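Before any comments, here is the structure.
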Amino acid sequence: MVRYKTEADDREQRVLAEISLNTPVNRKKRKSTATVSVILSVIYAAFSAWLFAREVKANGFLLLGFALVFLLIALFSKKFQLFIVLRLMKKRNKALAGKTVEYAIDGDGVEITSSLGTGKNNWSAFNRCGEQDGYIYLVRLNNVVLIDKSRLSPEELKELESLLGNVRK
């Protein structure tokens, strides 16, 4: 059995947000947003050039501004998504701010104990696991168990990695 205690800090919140942004659904949304934004940017820039050629400068600058906005959206869509996710997580996690969460991980699953209560999740409840920025994570629906690898002993890390084989891929 591996026991792990943690308090959610800003670093963990950022890693959780990155894990959320790297899901296939969010990557697909970002890709389609960037594609549409680039297309709109090109269209607005072309119409802007056409208006400048016809010496309608006020509308040309307006469309050029829209082209720039859509180009910025395409370039910084991940940063924008990260900002939104971090804000939502901060609101959602106020109940656990500064409080300790304990995980007990064994052959049956993961038991989670916090100030909100205690629960046991069998391995079949988790749909994926992985590593991100020095953390091991387990995902169940929209909840994530996050474990800092550097805070585990080599024996605990080896045992945890063998237990992660129970998560369906």
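The values are calculated or read from the model by the stated rules, or taken from the named source; none is laboratory data. Bear in mind that the values here come from a model prediction, so they are computed numbers and not experimental data. Glycine gets a Cβ as well: all are built from the backbone with ideal geometry, and neighbour counts include every protein chain shown. SASA here: full protein model, heavy atoms, side chains in, ligands and nucleic acids out. Shrake-Rupley method; radii C 1.70, N 1.55, O 1.52, S 1.80 Å.
Of note:
- Gain in span if fully extended, ASP148 to GLU131, counting 0.36 nm per residue against the direct Cα distance: 5.1 nm
- Given R0 = 30 Å, the distance between the Cβ atoms of PHE76 and ALA49 translates into a calculated FRET efficiency of 0.80.
- Counted charge near ASN142, where neighbours are those whose Cβ lies closer than 14 Å (Asp, Glu -1; Lys, Arg +1): +3
- Annotation: per residue accessible area for the chain equals 64 Å², rounded to a whole number [probe 1.4 Å, protein chains only].
- Accessible surface, 1.4 Å probe, highest first, among residues LYS90, LYS78: LYS90, LYS78
- Take every DSSP beta bridge whose two residues both sit in the chain; close to 100 percent of them are antiparallel.
- Rounded to whole Hz, the Karplus (6.51, -1.76, 1.60) HN-Hα couplings of region 52-69, x for glycine and proline: 5, 5, 8, 6, 9, 5, 4, 5, x, 5, 4, 5, 5, x, 4, 4, 5, 4
- For region 1-81, carbon and sulfur atoms together expose 67% of the accessible surface, with a 1.4 angstrom probe and every protein chain in place.
- A helix-only calculation puts the chain at -17500 deg cm²/dmol for mean residue ellipticity at 222 nm, using -39500 (n - 2.57) for each DSSP H run of at least four residues, averaged over all residues.
- Per-residue Karplus couplings for region 148-165, computed as 6.51 cos²θ - 1.76 cosθ + 1.60 with θ equal to phi - 60°, are listed in order as 6, 4, 5, 8, 9, 6, x, 5, 5, 5, 5, 5, 4, 4, 6, 5, 5, x Hz, Gly and Pro entered as x.
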